[in-house]
Amino acid sequence: MTKLSVNLNKVALLRNTRALGIPSVTKAARICIAAGAQGITVHPRPDERHIRAADVDELAVLLRGFPQVEFNIEGNPFPPYMELARRTKPTQCTLVPDSPEAFTSDHGWDLERDGKKLEPVIAELHSLGARVSLFMDAEPDAMAVAARVGADRVELYTEPYAAAHARGDASASLVRFAASARAARDAGLGVNAGHDLNLDNLVEFSTIPGLLEVSIGHALVADALELGLYAAVQAYLRVLRRSAPPPS
């Protein structure tokens, strides 16, 4: 079954609008874990507009008590990101080519341009015991390059698929994402995915063979406003279970 990693950025964004400490990011993580989420994701940015360094530290402490739950830290490997990784030693580091002022992640790595500078970063993260995933566009030819620079996985940037699905025209996009997933697996990489996935479009997307993990935050937190956080996590897990291949 594809694992669900819940991105808690939007919980932190709401918390940051007041100085009351609510909603609690760590309490949200506990609820997600109790509901069955297999991972917790955060994407700290240099301006701490949502997740703060202190949140990452507190989540790292919390998750030591749940060794079955993966801790995934996303971000551009600027010095503050690397310091967080050294300090907290997450399960997975998902490297994203965002500029500090980026509103949200909106493209994958250009490895022809950036691959060489990523190699020593990836090597250091491996030395910390972290799995490294590179945020990538659905470009099948780029997957072998991701393997050459040392990545363990790729996270396919799924906003183009989500937009096509919203237009009622997802079939061609899904074919391209499936081809990219196959190319990644052929290169020896694991396949993750994330960005703008929701309960509607995840149904089709989760049929891509070999999909190991989806990271979902914005839509899941929005659904939690209606369903409650525990029930929202379980709703996403039900979709992923329906798409899981039968045991051999």
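The values are calculated or read from the model by the stated rules, or taken from the named source; none is laboratory data. Everything numeric in this text was worked out from a predicted model, so none of it was measured. Please note: Cβ atoms are built from the backbone with ideal geometry, for glycine as well, and neighbour counts cover all protein chains shown.
The table that follows gives values for the structure above.
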{"read-out": "Residue match in the range 88-98 (condition: out of contact with any helix residue (DSSP H, G or I) (no Cβ under 9 Å at 6 or more places or on another chain), of a type in the set (Val, Ile, Thr) and closer than 25 Å to residue 197 by Cβ)", "value": "yes"}
{"read-out": "Residue check, residue 113 surrounded by fewer than 21 Cβ atoms within 10 Å (Cβ to Cβ) and under 25 Å from residue 201 (Cα atoms)", "value": "no"}
{"read-out": "Filter result for residue 47 (under 16 Å from residue 12 (Cα atoms), among the acidic types (Asp, Glu), more than 14 Å from the chain's Cα centre (by Cα) and not in a loop (DSSP other than H, G, I, E, B))", "value": "no"}
{"read-out": "Matching residues, the range 1-44, being in contact with a Ser or Thr (Cβ under 8 Å, 6 or more places away or on another chain) and assigned to a strand (DSSP E or B)", "value": "5, 6, 7, 39, 40, 41"}
{"read-out": "From the options 30, 49, residue that is surrounded by fewer than 22 Cβ atoms within 10 Å (Cβ to Cβ), modelled with pLDDT under 95, of a type outside the set (Phe, Trp, Tyr) and touching a Leu at 6+ places or on another chain (Cβ under 9 Å)", "value": "49"}
{"read-out": "Residues satisfying the stated conditions in the range 66-100, i.e. in a loop (DSSP other than H, G, I, E, B) and touching a residue at least 40 places away in the same chain (Cβ under 8 Å)", "value": "77, 89, 90, 91, 96, 98, 100"}
